[in-house]
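These notes are about the structure you will find just below.
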Amino acid sequence: MSRVIIGYHTLEDRDNADEVEANGPFMCTRENAWLGDGYYFWDSDPDLAHEWGRVGYQLRRKQYMICQGEILNDDFLFDLVGWIPHQKTFLAMMDLLQDHLPAGAEPKMVDVLDFLRSNDAFPYNAIRAADIHSQSREVKFGGKRGEYAILNQRTQICLLNKKNLILPSFRIIFPTKYVK
């Protein structure tokens, strides 16, 4: 059964709202893209999209816009947040790559994902991953060993193509001058 995730896509405001809504989202091909080349969305949290806009654009004296889109969370999403079998597959591939690196070197997230994506057995259209950031919270379970859950992780979805995006849903939500 598929579920829909509301995703938020942050991009530079070039005063081209019609083009953005007609052709977006836009692929990120930056060398340091966390999950490799793809169409990036913040999972369910517009505040993270604004944070990225402030850090990624306003600090460089540029304006930003945010688009919202509906993303299918289905069998074609490689989910490193909510699906343990995908996490285990990822870790197994990481261990395999580790064996081919110099002593002490560790593969990065993107290295493992690029390896998986280069394999014909990777049928996924999207990747979902999370990290811990300043707003994440550790909540103790109360056990004697100090275990805790990590809540409010910063979660991204990287679409490898637009197949998991419900295209008619893609629209600008910020700044308000573009909202229809």
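The values are calculated or read from the model by the stated rules, or taken from the named source; none is laboratory data. Computed from a predicted model, the values in this text were never measured in an experiment. Backbone-built Cβ (ideal geometry, glycine too); neighbour counts: all protein chains shown. Only protein heavy atoms, including side chains, enter the accessible area calculation; ligands, DNA and RNA are left aside. Shrake-Rupley method; radii C 1.70, N 1.55, O 1.52, S 1.80 Å.
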Study note, to complete from the structure: Scanning region 35-63 residue by residue, the ones that are more than 27 Å from Val112 (Cα to Cα), open to solvent by less than 40 Å² (accessible area, probe 1.4 Å) and modelled with pLDDT of 95 or more total 1
Check your understanding: Going through region 102-131 one residue at a time, which ones are more than 20 Å from the chain's Cα centre (by Cα), open to solvent by less than 70 Å² (accessible area, probe 1.4 Å) and not small (Gly, Ala, Ser)?
Key -> none
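Applying the selection to region 55-69, what residues are in a strand (DSSP E or B) and among the small types (Gly, Ala, Ser)?
Of region 55-69, the ones in a strand (DSSP E or B) are 64-69.
Once the filter is applied, which keeps residues that are in a strand (DSSP E or B) and among the small types (Gly, Ala, Ser), region 55-69 yields only Gly69.
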Exercise for review: Inspect all residues belonging to region 6-23 and state whether any of them is of a type in the set (Lys, Arg) and under 16 Å from Asn125 (Cα atoms).
Suggested key: no
Practice item. Could you grab me the full set of residues in region 100-156 that are under 23 Å from Asp45 (Cα atoms) and of a type in the set (S, T, N, Q)? Key: Asn125, Ser134, Gln135, Ser136, Asn152, Gln153, Thr155, Gln156
Review point. Restricting to strands (runs of 3 or more DSSP E) lying wholly in region 70-180: which have 1 or more residues that are modelled with pLDDT of 95 or more?
Key: 77-79, 126-131, 154-159, 165-174
Exercise for review: Give region 136-180 a look and list any residue that's within 24 Å of the chain's Cα centre (by Cα) and of a type in the set (Gly, Ala, Ser), or say none.
Suggested key: Ser136, Ala149, Ser169
Practice item. For Trp42, state whether it is assigned to a strand (DSSP E or B), out of contact with any Asp or Glu (no Cβ under 7 Å at 6 or more places or on another chain), within 19 Å of Ile132 (Cβ to Cβ) and of a type outside the set (S, T, N, Q). Key: yes
Study note, to complete from the structure: Exception for Ile66 within (1) surrounded by 14 or more Cβ atoms within 10 Å (Cβ to Cβ); (2) at pLDDT below 95; (3) β-branched (Val, Ile, Thr) falls at (2)
Practice item. Inspect region 68-87 for any residue being closer than 10 Å to His9 by Cα and out of contact with any Leu (no Cβ under 6 Å at 6 or more places or on another chain) and give the result as yes or no. Key: yes
Check your understanding: If Ser2 passes every condition in (1) modelled with pLDDT of 95 or more; (2) open to solvent by 40 Å² or more (accessible area, probe 1.4 Å); (3) in contact with a Leu (Cβ under 7 Å, 6 or more places away or on another chain) but one, which one does it miss?
Key -> (1)
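Yes/no matrix, rows are residues, columns are (1) in contact (Cβ under 8 Å) with a residue 40 or more places away in the chain; (2) in contact with a Phe, Trp or Tyr (Cβ under 9 Å, 6 or more places away or on another chain); (3) among the aromatic types (Phe, Trp, Tyr):
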| residue | (1), (2), (3) |
| --- | --- |
| Arg60 | no, no, no |
| Gln68 | yes, yes, no |
| Asp74 | yes, no, no |
| Phe78 | yes, yes, yes |
| Val81 | yes, no, no |
| Pro85 | no, no, no |
| Leu91 | no, no, no |
Review point. Consider Arg154 against the criteria (1) closer than 21 Å to Gly38 by Cα; (2) open to solvent by less than 40 Å² (accessible area, probe 1.4 Å): it satisfies all of them except one. Which criterion is unmet?
Key: (2)
